[in-house]
Structure formats: C-alpha cells, structure tokens
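Single-structure report; data block below.
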Amino acid sequence: MNFKEGEILCFNKPLEWTSFKLVGNVRYHICRKIGVKKLKVGHAGTLDPLATGVMIVCTGKATKRIEEFQYQTKEYIATIQLGATTPSFDLEHEIDATYPTEHITRELVEETLPKFIGEIQQVPPAFSACKVDGKRAYDLARKGEEVELKPKLLVIDEIELLECELPTIKVRVVCSKGTYIRALARDIGLALQSGAHLTGLIRTRVGDIRLEDCLDPIPFPEWLAEQEIEITE
C-alpha cells in the first residue's frame, strides 16, 4: 500500500462519531505509521453523527476520486418514528410536536411509500451542511436564526418497507447524491398526515461497496500494522 500515491479505504462509521473524527483518526494513524506530519485524506459523503455505515476515505492522490464516489448511488436502512417531529428530523434534538397516528395502517404506509420513487423535490433540513449566504445552515439554525433552503431535485430509485410495528417503520432506500434521509422521514410523516423523525440510520452501500466490505476504525492501528506499506519521498 502506498498512502501518498493514493489508497481507498472503506470504513463502517461508528455511532456518534462525526465524519471529521473518522478522517482525523485515519490520518493520524497513517501519518504515524509512515513517519510524515502531513497527508491528504478526505471522505466521500458525510454521515451524521447519529448514522452509521459505509464511509469511503481516500488518501494522497486518490483524493481526486472523492467526487466520483460522491456521485455513486447510496443505499440506507432507516428507522422512522411516526407521530412526532424534532427540529433536526432526528434524535439530535428533543421532540417539538406530536401528531395523531391512529389512522395509520400498514396498508396506508405501503400505498404512500411508492409516491417517493423517482425524481422528487426535497427541501434539505435546516440542521444541515447546506450553505446559506456562505454560512452553514446548521450554524444559523443552532443560533436560532430562521433558515430558508430551496428544494433540490434528487432521485429515489427504490423504497421498500422492511418492518412495520406502528408507530415505527423501517425502510430500505436506494437514492442519489444529496438525499437527506432525515428530510425523507419528515416528508413521509407529512404524506401520512402525521409527523415523523428518524431514530436510526445505516448506510449499507455506496456504489458497489457494501457494509460487509468495510473496516472497523477502532482497531484500524492493528490492521495497519499488518499491511505491507511502501513509503515514497
């Protein structure tokens, strides 16, 4: 392996780790291993701290491929709680409103989900990395400022109901770059004439890279110690 020339590493991001922490952890251990102070390391597609799953990390010259991976199709398993909303559409914030769910049946859920397949317009969450006048939306939202984001066109290729134990549902989603599964949960809640927020999210695939192909970042130093590494000046 030659980390300066460029390597592509795939990790299963742990719960509560930021994407930034994962990249920093990888960079630190590689730099120590190859005896350098600096190394280009980047990731292809942010995952929220409360999400786990596939994260592609590129080193050295392979960082030029980040955009290529970002445009690949992604697959997620999402657990959605119906009948309640939060400002961030996930568990980062406390519930701010509750809604009736008595009218929701498995049949209604099965009828509603296919309406999201194909090209859809989605308004990103206020608590997101989208930029508003050069500032991150989440920075403005955390200060209590009103954040208005424009809808984005994206594609949902597949949406499948895996479990339905009302008021909780679990869905598998295959989608394009830029899809916020938190915002999809919000929109599913609205379509069911209720509210909803995300209580769990796993990214199970990016392109052809699946969860089972990924390294655990916690024992990464031990894995690194076993690799044959070429060091170039």
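Summary table below
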| read-out | value |
| --- | --- |
| Residues of region 154-169 satisfying the condition of being over 15 Å from K115 (Cα atoms) and either in a strand (DSSP E or B) or hydrophobic (A, V, I, L, M, F, W, C) (or both) | L162, E163, C164, E165, L166, T168, I169 |
| Test: residue in region 34-44 that is basic (K, R), part of a helix (DSSP H, G or I) and out of contact with any Lys or Arg (no Cβ under 8 Å at 6 or more places or on another chain) | no |
| Filter result for T79 (within 14 Å of the chain's Cα centre (by Cα), of a type outside the set (A, V, I, L, M, F, W, C) and buried (at least 16 other Cβ atoms within 10 Å of the Cβ)) | yes |
| Filtered residues of region 82-107 (kept if within 21 Å of the chain's Cα centre (by Cα) and free of Cβ contacts under 8 Å to residues at least 12 places away in the same chain) | E94 |
| Pair list, Cβ under 6 Å, 6 or more apart: region 209-233 residue more than 19 Å from C58 (Cβ to Cβ), other residue surrounded by 14 or more Cβ atoms within 10 Å (Cβ to Cβ) | P221/H29 |
| Qualifying residue in region 30-44 (condition: under 28 Å from F127 (Cα atoms), modelled with pLDDT under 95 and assigned by TED's automatic domain parsing to the domain that holds P217) | yes |
| Test for F3: is it in contact with a Lys or Arg (Cβ under 7 Å, 6 or more places away or on another chain) and either at pLDDT below 95 or not in a loop (DSSP other than H, G, I, E, B) (or both) | no |
| Count of region 55-114 residues which are farther than 22 Å from C214 by Cα and of a type in the set (K, R) | 1 |
| Search result, residues across region 194-221 that are surrounded by fewer than 17 Cβ atoms within 10 Å (Cβ to Cβ) and out of contact with any Leu (no Cβ under 9 Å at 6 or more places or on another chain) | G207, D208, R210, E212, D213, D216, I218, P219, P221 |
| Residue satisfying all of: in region 34-73; surrounded by fewer than 16 Cβ atoms within 10 Å (Cβ to Cβ), touching a residue at least 60 places away in the same chain (Cβ under 8 Å) and not β-branched (V, I, T); farthest from Q227 (Cα to Cα) among these | Y71 |
| Condition met for L184 (closer than 25 Å to N25 by Cβ and either in contact with a strand residue (DSSP E or B) (Cβ under 9 Å, 6 or more places away or on another chain) or not assigned by TED's automatic domain parsing to the domain that holds I56 (or both)) | no |
| Members of region 114-143 that are farther than 23 Å from L47 by Cβ, among the basic types (K, R) and not in a loop (DSSP other than H, G, I, E, B) | K115 |
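The values are calculated or read from the model by the stated rules, or taken from the named source; none is laboratory data. Note that the coordinates shown come from a computational prediction; the quantities given were computed from them, not determined experimentally. Note that each Cβ is placed from the backbone with ideal geometry, even for glycine, and that neighbours are counted across all protein chains shown.
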